[in-house]
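Taking it in order: structure first as C-alpha cells, then the write-up.
The values are calculated or read from the model by the stated rules, or taken from the named source; none is laboratory data. Just so it is clear, the model here is predicted, and its values are computed rather than measured. Surface areas here come from the heavy atoms of the whole protein model, side chains and all, with no ligands, DNA or RNA. Shrake-Rupley method; radii C 1.70, N 1.55, O 1.52, S 1.80 Å.
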Amino acid sequence: MENATYQLSRKRLENLLERLHHEPEVPREYDSFIKEHLHRGIIEVVEKAREGGVGQVHYILHHAVIRRDKLTTKHRVVFDASAFLMVGMVEEDRDVLRFPWVDAIDKPSPEIVVLRFTHVVFGV
C-alpha cells in the first residue's frame with residue numbers, strides 16, 4: 001500500500017518534470033544537484049527490499065526556483081523542509097526523509113527512483 005505522502009510527492013514530481021522540460025538546461029541543472037548530493041553522500045537511493053513500517057516513512061516535496069535575474073545560481077532545488085545538510089542521521093531514521101526523483105532526466109520515459117536524505121533537513 002502506498003503512503004499518502006508518496007502519492008502527493010509523486011504527483012508533484014510529475015508536474016515538476018513537465019514544467020522543467022520547457023527549458024532544456026533546467027532539468028539538467030536540477031538533476032546535477034541531485035547527483036551531486038548522491039555523490040557527496042548527503043542523500044542515498046532507497047533499496048526496495050526495505051520499505052519501512054507504517055508511520056515511519058514520509059516523503060518530502062521539492063521544487064525548482066528559477067531566478068533569471070541572477071548572474072549565478074539561476075536555478076535552485078528547494079525542499080519544502082528547507083535543506084540543512086550538516087547533521088548526519090542514523091540509518092534507522094532516514095526513511096522519514098524520502099523523496100521521488102527519476103533515474104535519468106534525458107530519457108523519454110524516466111523511471112521513478114526513491115531517494116532519502118542521510119543528513120537532517122532544516123525545519124524537520
PHE99, PHE33, ranked by accessible area, largest first (probe 1.4 Å): PHE33, PHE99
Calc'd 3J(HN,Hα), region 104-120, phi into Karplus 6.51 cos²θ - 1.76 cosθ + 1.60 (θ = phi - 60°), Hz, glycine/Pro = x, comes to 8, 4, 8, 5, x, 10, x, 8, 6, 10, 9, 10, 8, 6, 9, 10, 5
Expected unfolding gain across ASP69-ARG28 under the 0.36 nm per residue rule, minus the alpha-carbon gap, is 12.8 nm
Area accessible to solvent at HIS22, 1.4 Å probe radius, in Å²: 140
Of ILE34, ILE66, ordered by accessible area with the largest first and a 1.4 Å probe, the sequence is ILE66, ILE34
At 0.36 nm per residue, minus the direct Cα-Cα distance, what do VAL45 and ASP80 gain on full extension? Give it in nm, one decimal, please. 10.7 nm
Once amide H atoms are built 1.01 Å from N in the peptide plane, which residues 5 or more positions from VAL113, or in another chain, come under 5 Å H to H? TRP101, VAL102, ASP103
For THR118, other-chain or 5+-apart residues with amide H closer than 5 Å (H placed, Pro excluded) are ILE43, GLU44
Roughly how many Å² of LEU20 are accessible to a 1.4 Å probe, to the nearest 10? 10
Between LEU17 and ALA4, what length in nm is gained on full extension when 0.36 nm per residue of separation is reduced by their alpha carbon distance? 2.7 nm
Residues with amide H under 5 Å of ILE60's amide H, sequence separation 5 or more or different chain, H placed in the peptide plane at 1.01 Å from N; which? ARG98, PHE99
